[in-house]
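Just below is one structure, and these are the notes that go with it.
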Amino acid sequence: MSGARHILGYAQTLRGGGVERALLRLAGEWHGLGRRVTLVIGDATGPLRRELPAGVEVISLGADDYAALRALPRYAKAVQPDVMFCPGSHYTGVAAWTRWRLGRSCPPIVGKISNAVDRPDFGKLMTLVHATWLRQHPRFLDWVVAMSDASAAQLARTMRLDVKQIAVIPNPPARPLACAPVPGLPPRYILGVGRLVPQKRWDRLINAIPRLRERLALVLLGEGECRAALEAQAKACGIELFLPGHVADPIGAMSRATMVALPSEFEGVPGVLSEALSVGTPVVATDCSPAVAEIIPSPSLGTIVPRDDAAALVAALNHWLGDVVRPQPVSPPGTDSAKRYLKLFDSLTRA
């Protein structure tokens, strides 16, 4: 076989996260398509370990800090991959380090940009630093991948690239896990899926629920630093809050939810919205990414509201609590993503 016979990917931990879950899905599909896949993981003992695909080689560094990934060039030199895959924006610094350390012996590196290009949480100085850093990416990445057309257009402007120099490949869709435990859930609930961190702005959702026509429970699937603050806020607002922590397979909870809400301040391409729509559950989301309008192209699927408009959020939630028809399931994008990545990898290694 010519082309990328051996692919090397990497991640910091398997504690959870959309980037890491997508990496594992891609790795499994690449292996199933006849490629050798090696993953270098800082700490391979997290909850996502059960999602490690059979046949994929795993090198665990035994440390969960980001600095542990400085060892990646050494392992890349040892296993000699044909191509390296940087699975998300969090990891592009490691790609730059690897390129610098290996020099001309470095294999081609394909990097996916998963985070938001525009960051409203940044001040003027950090916005300038962030844009400058993104413009350096073509120096150490052989090809840049965006997950949607809107994201690619943003990246092209920021990186000063022709949009044709950016591949658009969605994340592969999540598949139900037969062995995944299902948390105990209330009869009716609004669902949020994501880390309990400031970016996700779950506080907006908690503040909205007391103003709804029907007082539903709120279920947040995820873990993070804001757990205690969210619990205190929910208690003060008098709402029923369920925090089961990280759940390996949220699809079942999505299918039973009254709606899925994403009140984030910023996002890259929020796959949780596509996952909800794939099981016919309506969504309510802030305009936290240009990709949101691509995922929700019709008001029959969900509602998009301005980030700082509390009244619009309440109105959108109330709309889907009313006598409205739930959307028909929408086939998620990315069913052929693994093959599209392989086509890109092969073209780079043959070149």
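The values are calculated or read from the model by the stated rules, or taken from the named source; none is laboratory data. From a predicted model like this one, the values you see are computed outputs, not experimental measurements. In this analysis, Cβ positions are derived from the backbone assuming ideal geometry, glycine residues included, and neighbour counts consider all displayed protein chains. For accessibility, only protein heavy atoms count, side chains too; no ligands or nucleic acids. Shrake-Rupley method; radii C 1.70, N 1.55, O 1.52, S 1.80 Å.
A compact table of results
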item: Exclusive hit being open to solvent by 20 Å² or more (accessible area, probe 1.4 Å) and of a type in the set (Val, Ile, Thr), set VAL283, VAL279; result: VAL279
item: Test for LEU125: is it in a helix (DSSP H, G or I) and over 22 Å from the mean Cα position of the chain (by Cα); result: yes
item: Any chance THR92 is of a type in the set (Ser, Thr, Tyr) and part of a helix (DSSP H, G or I); result: yes
item: Residue list for segment 103-122, filter: without any contact (Cβ under 8 Å) to a residue 60 or more places away in the chain, open to solvent by less than 40 Å² (accessible area, probe 1.4 Å) and over 22 Å from the mean Cα position of the chain (by Cα); result: GLY103, CYS106
item: Filter result for the condition that a residue is aliphatic (A, V, I, L, M), assigned to a loop (DSSP other than H, G, I, E, B) and buried (at least 20 other Cβ atoms within 10 Å of the Cβ), over ALA4, ALA63; result: ALA4
item: Unique match (being open to solvent by less than 70 Å² (accessible area, probe 1.4 Å) and touching a Pro at 6+ places or on another chain (Cβ under 6 Å)) among LEU230, LEU243, LEU196, LEU221; result: LEU221
item: Qualifying residue in segment 302-310 (condition: closer than 22 Å to ILE206 by Cα, acidic (Asp, Glu) and not in a helix (DSSP H, G or I)); result: yes
item: Top-ranked residue in segment 230-275 [being part of a helix (DSSP H, G or I), closer than 28 Å to PRO173 by Cα and not hydrophobic (A, V, I, L, M, F, W, C); ranked as farthest from the chain's Cα centre (by Cα)]; result: ARG256
item: Hits in segment 287-316 - residues which are surrounded by 22 or more Cβ atoms within 10 Å (Cβ to Cβ) and under 15 Å from SER274 (Cβ atoms); result: CYS288, SER289, ALA291, VAL292, ILE295, ILE296, GLY302
item: Some residue of segment 171-189 being within 21 Å of VAL284 (Cβ to Cβ) and without any contact (Cβ under 8 Å) to a residue 60 or more places away in the chain; result: yes
item: Count of segment 322-351 residues which are assigned to a helix (DSSP H, G or I), buried (at least 16 other Cβ atoms within 10 Å of the Cβ) and in contact with a Leu (Cβ under 9 Å, 6 or more places away or on another chain); result: 4
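Residue-wise test of (1) of a type in the set (D, E, K, R); (2) out of contact with any Phe, Trp or Tyr (no Cβ under 9 Å at 6 or more places or on another chain); (3) surrounded by 15 or more Cβ atoms within 10 Å (Cβ to Cβ); (4) not in a loop (DSSP other than H, G, I, E, B).
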| residue | (1), (2), (3), (4) |
| --- | --- |
| VAL144 | no, yes, yes, yes |
| GLN154 | no, yes, yes, yes |
| ARG157 | yes, yes, no, yes |
| ALA174 | no, yes, yes, no |
| LEU185 | no, no, yes, no |
